[in-house]
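Worksheet for the structure shown next.
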Amino acid sequence: MSEQNKETTSSLNAKSQAWSGRFNEPVAELVKRYTASVDFDKRLAEFDIQGSVAHAQMLAAQNIISAADLAAIEKGLAEVKQEVQAGKFEWLLDLEDVHLNIEKALTDKIGDAGKRLHTGRSRNDQVATDIRLYLRAVCDDAIAAIKKLQMSLLDLAEQHADTIMPGFTHLQVAQPVTFGHHLLAYYEMLKRDASRFADCRKRINQLPLGAAALAGTSYPIDREMVAKLLGFDGVCQNSLDAVSDRDFAIEFTAASALLMTHLSRFSEELILWCSPRFAFIEIADRFCTGSSIMPQKKNPDVPELVRGKTGRVNGHLMALLTLMKGQPLAYNKDNQEDKEPLFDTADTLLVTLEIYADMMRGITVNKDNMRQAAFEGYATATDLADYLVKKGMPFRDAHEVVALAVKQAVQKQCDLSELSLGELQVFSESITEDVFSVLTLEGSVASRNHVGGTAPQQVLRAIARAKETIHSQ
């Protein structure tokens, strides 16, 4: 063998990048560390193996590789998967990413058959497939976790279908509602969140494999076969689009940001409610911490962190949008930067849902404080206006009458229900003895007896419908 051939063979056999034959010098160590993704994309290993097995089965079915090669590839990848799952796989920075690490390990085990696995594909369509497989699984996990949180909310709401609390607008007491009704508002938000993940999953579930680097491949591949093997609904219809866009990842992150925003709003209320100024609820000790200097403190750390982590997920959404906005077709190295924000979004979302579902089961409600707070701010004023309208008074006139009555109650430092009949009749002769049943908190919430209303009867019906929906899915 000539010296030149020896040099070439040495280069091909070296433990270096799969593309190194084109280059005259090795990549600088700093550049190697800067461009490598294996430290974070190795979590895609099992999805990468899943995709590779399906790809190999298709290659064999199309007579692109032999049945013997397929058998060796399947056996070798099964061994690699076991090593990954056992934490025994050696990840090498020199091999850049999860794909080349697995391919090198496979080739070391089975020889030339391992080198044939990459026939008809590129790392571009390979990584796009891996991410879609990963996100599809995360969407399923997210939907399941949302359902668990919804059940926790429904169970708590059922216990407090008739527990009266003040409803707020502008954080001012507005009208009485039931605590169960308040909790159901978050159930509805979560229901929409679950539907967003289900809808996002449909667009994720299209196979990019077969697009190769950007233009497709000259091999007689069967993309529909691979899609069926991997459980995809169909194949990406344009090879340039298949490898270059990450809109499905952005959509997932947007759905996550919305869900986290809903939980952040809820967290803000929990934080307020457990403060001594409200004292509506108490959060179980296991979700709180104390102060290093103030021994009396019990801090609601979990809802505070949910509030904070929402900003983090929102930031990831902005990062992915910014990542994509300036890229020409087709694949660019920029897209390596999609994984860390995407992985962190998924991790943050799933653990937040898990801990929130448990936290809901650790909430103690102070009914008396809630009820007492509902007396503050003249929460039944609108009920008095509605009462006058039903007596024939135009609403705008009724609004003015009630405003004057509230002004009188403020001066006397009493509730509307504590004004005498004579005092109320000063403002309108239409007011009679039956007004006092309207001015009670129970009468107020009971009167909202329609679908979506706060009446205890409606709350229980809504809970029953929600539970039936969840159990039927």
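The values are calculated or read from the model by the stated rules, or taken from the named source; none is laboratory data. It should be emphasised that the depicted structure is a prediction, and the values quoted were computed from it without experimental measurement. Positions of Cβ are backbone-derived with ideal geometry, glycine not excepted, and every protein chain shown enters the neighbour counts. Heavy atoms of the whole protein, side chains included, go into the accessibility calculation; ligands, DNA and RNA do not. Shrake-Rupley method; radii C 1.70, N 1.55, O 1.52, S 1.80 Å.
Contact map, segment 103-123: first residue closer than 17 Å to LYS81 by Cα and in contact (Cβ under 8 Å) with a residue 24 or more places away in the chain, second residue surrounded by fewer than 21 Cβ atoms within 10 Å (Cβ to Cβ) and among the hydroxyl-bearing types (Ser, Thr, Tyr), Cβ cut-off under 6 Å, separation 6 or more or different chains; pairs are GLY114/THR107.
If you go through segment 25-40 and pick out every residue that is part of a helix (DSSP H, G or I), modelled with pLDDT under 90 and among the acidic types (Asp, Glu), you end up with 1. Among the residues of segment 149-180, write down those that are assigned to a loop (DSSP other than H, G, I, E, B), under 16 Å from PHE266 (Cβ atoms) and open to solvent by less than 40 Å² (accessible area, probe 1.4 Å). The answer is HIS160, and nothing else.
For segment 224-249, taking the residues that are more than 28 Å from the chain's Cα centre (by Cα) and open to solvent by less than 50 Å² (accessible area, probe 1.4 Å), the one that is farthest from PRO341 (Cα to Cα) is identified as VAL226.
Take residues that are closer than 23 Å to LEU156 by Cβ and tell me which of the helices (runs of 4 or more DSSP H) falling wholly in segment 425-473 contain 2 or more.
Helices (runs of 4 or more DSSP H) meeting the threshold: 441-447, 456-472.
Say whether the condition of being within 30 Å of VAL402 (Cα to Cα) and at pLDDT 95 or above is met by at least one residue in segment 344-367. Yes: segment 344-367 contains one or more residues that are within 30 Å of VAL402 (Cα to Cα) and at pLDDT 95 or above.
Among the residues of segment 96-105, are any at pLDDT below 95 and closer than 30 Å to PHE252 by Cβ? Within segment 96-105, one or more residues are at pLDDT below 95 and closer than 30 Å to PHE252 by Cβ. Could you list all residues from segment 280-312 that are within 24 Å of ILE363 (Cβ to Cβ), out of contact with any strand residue (DSSP E or B) (no Cβ under 9 Å at 6 or more places or on another chain) and of a type in the set (Val, Ile, Thr)? Within segment 280-312, VAL306, THR310 qualify. Each residue in segment 42-82 was checked for being touching a residue at least 60 places away in the same chain (Cβ under 8 Å), under 15 Å from GLU103 (Cβ atoms) and surrounded by 23 or more Cβ atoms within 10 Å (Cβ to Cβ), and 7 of them qualify. Of everything in segment 296-343 that is aliphatic (A, V, I, L, M) and open to solvent by 70 Å² or more (accessible area, probe 1.4 Å), the residue that is nearest to ILE355 (Cα to Cα) is LEU305. Do you know which of the residues in segment 344-362 that are open to solvent by less than 20 Å² (accessible area, probe 1.4 Å) and among the hydrophobic types (A, V, I, L, M, F, W, C) is nearest to LEU149 (Cα to Cα)? Applying the filter and picking the extreme gives ALA357.
Looking at SER428, SER417, which one is among the hydroxyl-bearing types (Ser, Thr, Tyr), more than 37 Å from the chain's Cα centre (by Cα) and modelled with pLDDT under 90?
Residue meeting the stated conditions: SER417.
Examine segment 378-388 for a residue that is within 46 Å of the chain's Cα centre (by Cα), closer than 30 Å to GLU158 by Cα and surrounded by fewer than 19 Cβ atoms within 10 Å (Cβ to Cβ), and state whether such a residue exists. Yes: one or more hits. Of the set (1) open to solvent by 40 Å² or more (accessible area, probe 1.4 Å); (2) more than 25 Å from LEU149 (Cβ to Cβ), all apply to VAL435 but (1). Of all residues in segment 174-216, those satisfying the criterion of being within 22 Å of PHE248 (Cβ to Cβ), in contact (Cβ under 8 Å) with a residue 40 or more places away in the chain and touching a Gly at 6+ places or on another chain (Cβ under 9 Å) are ASN205, GLN206, LEU207, LEU209, GLY210, ALA212.
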